[in-house]
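Asks: What follows is a single structure, and I will ask about it in a moment.
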Amino acid sequence: MRRQQPQRTVRILVVTHNYPRVAGDPAGAFVRRLAVAARRAGAEICVVAPHATGAREEEQDEGVSVTRFRYAPDGFERVAYRGDLHRVSALSAPLVALGLPFFIASFARAITRAVAAFAPDVIHAHWWIPGGWLASRPGTPFIVTAHGSDVRLLDRSALLRRRALTVLARASAITTVSRFLADDIRRVLPTLATPVHVARMPVDVAHFEAGRSVAKADPPRILYAGNLLASKGVDVLLHAFAILRQQAAPCGLKLLGSGPELATLRRDAERLGVAGDVTWSPFVSQEAMPAEYGASTVTVLPTRGRAEGLGLTLVEALLSGSAVVGTHAGGIPEVVTDGVSGLLAPDGDAASLASQIARLLADSNLRAQLTERGRRMVREAFAPDAAAARFLSLYDDVVRHRRAA
């Protein structure tokens, strides 16, 4: 009888421009969680990501091999980890724009070296550009996960749509973090034949649920946590907060994050007369976030337009015991069902946003009901093991198709 050969462990090369630089770094934390969960499920994982000051060039992270490529001397590696890489221009960020060609060339070399050394079965590129574009060159089967900012690029120009179509048509599969993004890709690239799957990024459920034991801030705190970009609608939140203060609602606002709109938002707070009630904080480590959410009565994601791919901030907040308010923008309604797991307001409407926040501040029973229902819903959908299983199945499909070809 012929002996059956043991099945070889699938080898996945993860390509990303955003990955935690040090322990607890929020940048690309969801990419790391997926990589670690897939490793625990039995896959071999190697990550290629950019270097940054303070990060190791090579490390083992819970069994995941991480290589961070250099593209400039220390202090000049400024292209990645900005939160707005896809918005870089010579006018908005001249030093970053000047460094971009070196970044791309170094990224491409790092992928080529990793393919030769690691011999992956599949490359998993996060964001179609730059990762997916560069991953499409070595000849190894690859899948692309679109997270949102890269999908928004497709609305900018026909040239970018043609480039994206070339990249995505070569991919074995495409995944998005929401149905909204999947539909957007199909809308903008109607001739694309590559299948588009919805596959959630994992959240460390146990880590964030620890926030439920944290005492709430007094007076009640409204929290925004994220990049300070115009598309995020933080200016609308400031206007809504000013309305709440005019109504003498006892509350404070904490804006946790950084980005190009910081100075403008500070001026807005002064002009609206609420600067004294706003706490400003830079990003904190992932270890500190459960306490930030847990101490907050309401977490708000006021994104406008089509900019929000999903809204993981609201997932983390619900797990940590904070009630949530979002807008009807992008993929947010896939996390928050209005009146079931949180409340929604029209994007750009400060009065409606203030009204929804006020409802939660005033009604503790409503807060408790929505938060608990929301926690149960997101716990099931975003657990790391479930997310890893979906991607491992996809990897296996790609490998089988390759061997059968």
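The values are calculated or read from the model by the stated rules, or taken from the named source; none is laboratory data. Since this is a predicted model, take the numbers as computed values, not measurements. For neighbour counting, all protein chains shown are included, and Cβ atoms are generated from backbone atoms with ideal geometry for every residue, glycine included. Just the protein is used for accessible areas: all its heavy atoms, side chains included, with ligands, DNA and RNA removed. Shrake-Rupley method; radii C 1.70, N 1.55, O 1.52, S 1.80 Å.
Asks: Residues to consider are Arg161, Arg113; find the one that is farther than 27 Å from Ala72 by Cβ, assigned to a helix (DSSP H, G or I) and open to solvent by 40 Å² or more (accessible area, probe 1.4 Å).
Replies: Residue meeting the stated conditions: Arg161.
Here's the yes/no breakdown for (1) at pLDDT below 95; (2) closer than 18 Å to Leu253 by Cα:
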site	(1), (2)
Val315	no, no
Gly339	no, no
Ala350	no, yes
Ser364	no, no
Glu372	no, no
Glu380	yes, no
Pro384	yes, no
His401	yes, no
Ala405	yes, no
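Asks: If the Cβ limit is 6 Å and pairs must be 6+ apart or interchain, which residue in segment 172-195 that is without any contact (Cβ under 8 Å) to a residue 60 or more places away in the chain and farther than 23 Å from Tyr395 by Cα pairs with which residue that is assigned to a helix (DSSP H, G or I) and open to solvent by 10 Å² or more (accessible area, probe 1.4 Å)?
Replies: Close Cβ pairs (under 6 Å, with a partner that is assigned to a helix (DSSP H, G or I) and open to solvent by 10 Å² or more (accessible area, probe 1.4 Å)) amount to Leu189/Leu165.
Asks: Looking for something open to solvent by 50 Å² or more (accessible area, probe 1.4 Å) and within 21 Å of Gly311 (Cα to Cα) - is there at least one such residue anywhere in segment 261-276?
Replies: Yes: segment 261-276 contains one or more residues that are open to solvent by 50 Å² or more (accessible area, probe 1.4 Å) and within 21 Å of Gly311 (Cα to Cα).
Each row is one residue, and each column tells you yes or no for (1) out of contact with any Ser or Thr (no Cβ under 8 Å at 6 or more places or on another chain); (2) open to solvent by 20 Å² or more (accessible area, probe 1.4 Å).
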{"position": "Leu238", "(1), (2)": "yes, no"}
{"position": "Ala242", "(1), (2)": "yes, no"}
{"position": "Gln247", "(1), (2)": "yes, yes"}
{"position": "Leu253", "(1), (2)": "no, no"}
{"position": "Leu256", "(1), (2)": "no, no"}
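For every residue, the table says whether it meets (1) open to solvent by less than 50 Å² (accessible area, probe 1.4 Å); (2) within 22 Å of Asp235 (Cβ to Cβ); (3) of a type in the set (Asp, Glu); (4) in a strand (DSSP E or B).
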residue	(1), (2), (3), (4)
Trp280	no, yes, no, yes
Glu292	yes, yes, yes, no
Leu314	yes, yes, no, no
Val325	yes, yes, no, yes
Val336	yes, yes, no, no
Leu344	yes, yes, no, yes
Ser352	yes, yes, no, no
Ile357	yes, yes, no, no
Ala381	yes, no, no, no
